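> Input: one structure, supplied below.
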Amino acid sequence: TAELISGTEIRKTILAEIKEEVDQMKEKHGKVPGLVTILVGSSPASVSYVTLKVKTAISCGFHEIQDDQPEDISEADLLALIDKYNNDPDIHGILVQLPLPKHIDDKKVLNAINPDKDVDAFHPVNVGRLMIGGDEVKFLPCTPAGIQEMIVRSGTETSGAEVVVVGRSNIVGKPIAMMMAQKGVGANATVTIVHTRTKDLAAHCKRADILIVAAGVPDLVKPEWIKPGATVIDVGVNRVGMNEKTGKAILKGDVDFDAAKEIAGKITPVPGGVGPMTIAMLMKNTLRSAKLSLGIN
Ligand code: NAD
């Protein structure tokens, strides 16, 4: 049976590491990382995401501003708000919770964030930096960064490994593929990207020493597609039903977990795998931004 890579456990470790660095920063420099979360409107899903981010930031010892704005805020006012935080020296990370209301252009808003405070790493400048790699990179996008961190912390060798990424989205597939192919720790891999137009998905997956699946299709990956001993990272989060008793959604990944764990060497569960890592990486990016602004490493 495969070793389980627990995102919940790794997150705990990372958040404790961050808290310790924040305490030291406060002692030595009299400053802590500052994060602002901007929420427009009050959709329940967005409120719950923002609440979790705020709670986590506070638990890390950050200076946290929760800036809630009404649903009918104008685009110009939202842009002015971002500008204010772009120029606030106590703020190192700016998060705008998506989706935004229809009358506001998402792209325009995200592109208004100072790339050096763009801790989600969605700004084209940060996407470009990721492509160049090395010292250029300020922030890595959080979900791919979490995936890479899990691979490294689970002791999976990446150098020269065959990595197959299922999915080519801007949030997961494309960036993780580029990150794994770069030079550096947790990278130096030979990467294949597969997607909806790929001819023989199974044949590609079977070659993978590390299989990263971000398709959004429950049980897409069958056990016979997995190379014995491979590390399997399941990014998919699919609602497949509702628990009658708790009223909570039943979540499933993109990999047939029960069967796959008998063949894989290491595997991430859903829930409790990649999901919990994303927020930890957001905190890590905010800490990094604060360190960069203080000129420390
Ligand atoms: P997306 O829909 O933007 O992209 C999915 C990609 O998978 C596409 O590029 C598509 O070509 C490919 N794909 C879809 N069906 C396929 C098939 N049958 N065969 C081969 N390729 C196929 O999705 P996304 O934003 O990349 O997210 C993917 C999954 O990961 C979703 O389930 C999402 O909920 C989850 N996700 C989780 C986290 C997290 O845990 N923090 C973050 C982001 C996304």
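The values are calculated or read from the model by the stated rules, or taken from the named source; none is laboratory data. All figures in this text were calculated on a predicted structure; none of them were measured in a lab. Please note: Cβ atoms are built from the backbone with ideal geometry, for glycine as well, and neighbour counts cover all protein chains shown. These area figures cover heavy atoms from the full protein model, side chains too; ligands, DNA and RNA do not enter into them. Shrake-Rupley method; radii C 1.70, N 1.55, O 1.52, S 1.80 Å.
> Please get the size of the charge dipole for region 60-177, origin at its Cα centre, with Cβ charges of +1 on Lys and Arg and -1 on Asp and Glu, quoted in debye to the nearest 20.
Details: 10 positive and 20 negative charges, 112 e Å.
Its charge dipole is roughly 540 debye.
> Which of the listed residues, 130, 54, 295, is farthest toward the dipole's positive end in the chain, when Lys, Arg count +1 and Asp, Glu count -1 at the beta-carbon?
Value: 130.
> Between rounded, prolate and oblate, where does region 33-114 land on the alpha carbon gyration tensor, with a ≥ b ≥ c its root eigenvalues, rounded for a/c under 1.5, else prolate if a/b exceeds b/c?
Oblate.
> At residue 29 and residue 87, where each label point lies 7 Å from the Cα along Cα→Cβ, what is the point-to-point distance in nanometres?
Taking the two extended label points, one gets 2.3 nm.
> Cα axis of helix 142-153 to longest principal axis of the chain: angle in degrees, 0 to 90, nearest 10?
It is inclined by approximately 50 degrees.
> How far is it, in nm, from the label point at residue 66 to the one at residue 114 when both lie 7 Å from their Cα along the line to the Cβ?
Result: 2.5 nm between the two label points.
> Under a cut-off of 17 Å between alpha-carbon atoms, report the lysines in cross-link reach of residue 183, not counting same-chain residues fewer than 8 places apart.
Residue 183 reaches 138, 174.
> Please get the size of the charge dipole for the chain, origin at its Cα centre, with Cβ charges of +1 on Lys and Arg and -1 on Asp and Glu, quoted in debye to the nearest 20.
Working: 34 positive and 37 negative charges, 108 e Å.
Its charge dipole is roughly 520 debye.
> With a 1.4 Å probe and all protein chains left in place, how much accessible area per residue does the chain have, in Å²?
Dividing the accessible area of the chain by its residue count gives 48 Å².
> Between residue 258 and residue 246, with labels modelled 7 Å along Cα→Cβ, what's the label distance in nm to one decimal, could you check?
1.7 nm
> If I compute solvent accessible area with a 1.4 Å probe over the protein chains, what percent of it on region 33-114 is carbon and sulfur?
The C+S portion of the solvent-accessible surface of region 33-114 is 56 percent.
> What size of dipole, in debye to the nearest 20, comes out for region 33-114 about its Cα centre when the only charges are +1 on Lys and Arg C-beta atoms and -1 on Asp and Glu C-beta atoms?
For region 33-114, the charge dipole is close to 300 debye.
> How about region 42-104: which GluC sites (Glu not before Pro) there are in a DSSP loop, with at most 12 other Cβ atoms within 10 Å of their Cβ?
Here the GluC sites (Glu not before Pro) that fit, given the DSSP loop and packing criteria, are 71.
> Please go through region 205-261 and write out the trypsin sites (Lys or Arg not before Pro) that DSSP classes as loop and that have at most 12 other C-beta atoms within 10 Å.
245, 248
> Taking R0 as 35 Å, what FRET efficiency do you get between residue 42 and residue 197 from their Cβ-Cβ distance, rounded to the nearest 0.05? Could the numbers behind the result be given before it?
Working: r = 39 Å, r/R0 = 1.12.
Rounded to the nearest 0.05, the efficiency is 0.35.
> At a Förster radius of 35 Å, what calculated FRET efficiency corresponds to the Cβ-Cβ distance of residue 188 and residue 17, to the nearest 0.05?
The value I calculate is 0.90.
> Would any residue of region 66-86 have its amide N under 17 Å from a label point 7 Å out along Cα→Cβ of residue 103? List them or say none.
69-81
> Please work out the FRET efficiency for the pair residue 136 and residue 296, using the Cβ-Cβ distance as r and a Förster radius of 30 Å; give the result to the nearest 0.05.
0.95
> Using Cα centres only, tell me the gap between region 22-87 and region 144-217 in whole Å.
31 Å
> When the accessible area of region 141-275 is split by element with a 1.4 Å probe, what percent falls to carbon and sulfur? Let's see the in-between values first.
Working: 3390 of 6290 Å².
The value for region 141-275 is 54 percent carbon and sulfur by accessible area.
> Of 39, 97, 264, whose Cα points farthest to the positive end of the dipole of the chain (charges on the beta-carbon: +1 Lys, Arg; -1 Asp, Glu; origin at the Cα centre)?
The residue sitting farthest along the positive end of the dipole is 264.
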